[in-house]
Amino acid sequence: MGKYDRFDKFDLEKMTEAETQKKHEYVIKNCKCQGCPTYVQGDAPIGYCFPMSGTSKNIQWEKDCICGTCPIYKEYELTHTHYCTRCSQICQALKEEGPWGIGH
Ligand code: SF4
Ligand code: SF4
């Protein structure tokens, strides 16, 4: 097990509501999505890797994903991409690797 739990990279399980809110703001502040070719101007909240942001209602076409260049991606050792369309880090991790995932 690394520094962060395999699925719960943001350590949400152990946080209070106020702490979760604070971390959400931190993720949004450092998020690089607004500079990404996939991003649709005005869509909010950004920080799609964080579960409380939710998947975008406006972004439908996946182009490049620049999450790999984002400080949040590195800090929390994220492993997925296209969070705006495919759902958050924990959501994609559980879908692909979780006990109820498709098992590959
Ligand atoms: S990893 Fe991607 S979605 Fe998450 S904050 Fe960075 S740019 Fe935004
Ligand atoms: S999640 Fe990735 S693909 Fe979506 S807007 Fe952010 S950087 Fe671009």
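Here are the numbers for the structure shown:
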{"item": "Count of the stretch 21-35 residues which are closer than 15 Å to Y76 by Cα and buried (at least 16 other Cβ atoms within 10 Å of the Cβ)", "result": "6"}
{"item": "Among (1) part of a loop (DSSP other than H, G, I, E, B); (2) modelled with pLDDT of 95 or more - the single one Y4 does not satisfy", "result": "(2)"}
{"item": "Residue ID - nearest to the chain's Cα centre (by Cα), chosen from residues in the stretch 16-56 that are within 13 Å of ligand 2 (Cβ to nearest atom) and small (G, A, S)", "result": "G47"}
{"item": "Filter result for the condition that a residue is within 12 Å of ligand 1 (Cβ to nearest atom) and in a helix (DSSP H, G or I), over Q21, Q34", "result": "Q34"}
{"item": "Criterion (more than 11 Å from ligand 1 (Cβ to nearest atom), of a type outside the set (K, R) and free of Cβ contacts under 8 Å to residues at least 60 places away in the same chain) met by exactly one of G42, G68", "result": "G42"}
{"item": "Any pair with Cβ under 6 angstrom, 6 or more apart, that starts in the stretch 76-92 at a residue that is within 17 Å of R6 (Cα to Cα) and ends at one that is among the β-branched types (V, I, T) and surrounded by fewer than 18 Cβ atoms within 10 Å (Cβ to Cβ)", "result": "C87/T55"}
{"item": "Selection count where residues are part of a helix (DSSP H, G or I), touching a helix residue (DSSP H, G or I) at 6+ places or on another chain (Cβ under 6 Å) and more than 15 Å from D8 (Cα to Cα), scope the stretch 51-85", "result": "2"}
{"item": "Test result for E62, acidic (D, E) and within 11 Å of ligand 1 (Cβ to nearest atom)", "result": "no"}
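The values are calculated or read from the model by the stated rules, or taken from the named source; none is laboratory data. Because the structure is predicted, anything quoted here is derived from the model rather than measured. Don't worry about glycine lacking a Cβ; one is built from the backbone with ideal geometry, like all the others, and counts go over all protein chains shown.
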